[in-house]
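The values are calculated or read from the model by the stated rules, or taken from the named source; none is laboratory data. None of these values were measured; they are calculated from a predicted model. Virtual Cβ from ideal backbone geometry, glycine too; neighbours counted across all protein chains shown. Areas reflect the complete protein model, heavy atoms only, side chains present, ligands, DNA and RNA absent. Shrake-Rupley method; radii C 1.70, N 1.55, O 1.52, S 1.80 Å.
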Amino acid sequence: MNKKNIPLLNSFLCAIKGVIKCFLNERNFRIHLCVCFYVIWLGSFYSLSNIEKAALAIVIGLVIVAEVINTAIENLVDFVSPEKNIQAGLVKDISASAVLISAVIAVVVGFFMFWDIETLKEVFRKTTDQLSDILLLAGSVLIWLVIIFYKKKDSEGIEKNEN
């Protein structure tokens, strides 16, 4: 079947399959999702304008997209050059640098948006005011740690090394 004749729904299903594979196989992808979760949570304490919300969405998207593209490039390089190769390693390093650069940009944007000592004190006060809030926050951190450090097992039940 010609690739152009694939139904639109199947195209979306393939893309979703790719996201799921990244989630299951890439620790750094899960780390970025965790940070995204807490950035959105922190943003809920601020009165962000629509422009600021859009900027956050853009930089979050930039980091996630860079990670997905990096993963695709690393998988392609491993497929084409399974043996250790200096050039293949260089391609993978450059690909990973795109993620680093996008993450640094996101941190800078986050710094400008969230660096307000009074609001940060208020966030701390609100999240440590009641035991239920502390338990909720601690529970979310625990869940994210389990998600981040999840190790996929192969068909024989052996943990696979990531990255």
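For the stretch 50-62, indicate whether the set of residues that are polar (S, T, N, Q), modelled with pLDDT of 95 or more and on the phi < 0 side of the Ramachandran plot is non-empty.
Checking the stretch 50-62: at least one residue is polar (S, T, N, Q), modelled with pLDDT of 95 or more and on the phi < 0 side of the Ramachandran plot.
Looking at V77 and the list (1) more than 28 Å from W115 (Cβ to Cβ); (2) surrounded by fewer than 14 Cβ atoms within 10 Å (Cβ to Cβ), which single condition is not satisfied?
All conditions are met except number (2).
For M113, work out the one condition from (1) outside any helix (DSSP H, G or I); (2) closer than 30 Å to S140 by Cα it doesn't fulfil.
(1)
Take the residues in the stretch 42-53 that are open to solvent by 50 Å² or more (accessible area, probe 1.4 Å) and touching a residue at least 24 places away in the same chain (Cβ under 8 Å), then tell me which one is nearest to I148 (Cα to Cα).
F45
Being within 25 Å of Y150 (Cβ to Cβ) and exposed (fewer than 14 other Cβ atoms within 10 Å of the Cβ) is the requirement here; does I58 meet it?
Against the criterion (within 25 Å of Y150 (Cβ to Cβ) and exposed (fewer than 14 other Cβ atoms within 10 Å of the Cβ)), I58 does not qualify.
With surrounded by 13 or more Cβ atoms within 10 Å (Cβ to Cβ), at pLDDT below 95 and in a helix (DSSP H, G or I) as the only criterion, which of S132, S140, S95 stands out? Show your work before the answer.
Numbers: S132 fails: surrounded by 13 or more Cβ atoms within 10 Å (Cβ to Cβ); S95 fails: at pLDDT below 95.
Going through S132, S140, S95 in turn, the sole match is S140.
Can you run down the residue pairs with Cβ atoms below 6 Å, 6 or more apart or on separate chains, where the first is in the stretch 108-119 and of a type in the set (V, I, T) and the partner is open to solvent by less than 30 Å² (accessible area, probe 1.4 Å) and assigned to a helix (DSSP H, G or I)?
As it stands, the answer is V109/V59, since those pairs meet every condition given.
I'm trying to understand the selection: among the residues of the stretch 113-126, which are of a type outside the set (S, T, Y) and surrounded by 10 or more Cβ atoms within 10 Å (Cβ to Cβ)?
Keep residues of the stretch 113-126 that are of a type outside the set (S, T, Y), which gives 113-118, 120-126.
Listed by number, the residues that qualify are M113, F114, D116, L120, K121, E122, V123, F124, K126.
Within the stretch 23-36, identify whether any single residue is open to solvent by 60 Å² or more (accessible area, probe 1.4 Å), without any contact (Cβ under 8 Å) to a residue 12 or more places away in the chain and among the charged types (D, E, K, R), and answer yes or no.
No, every residue in the stretch 23-36 fails to be open to solvent by 60 Å² or more (accessible area, probe 1.4 Å), without any contact (Cβ under 8 Å) to a residue 12 or more places away in the chain and among the charged types (D, E, K, R).
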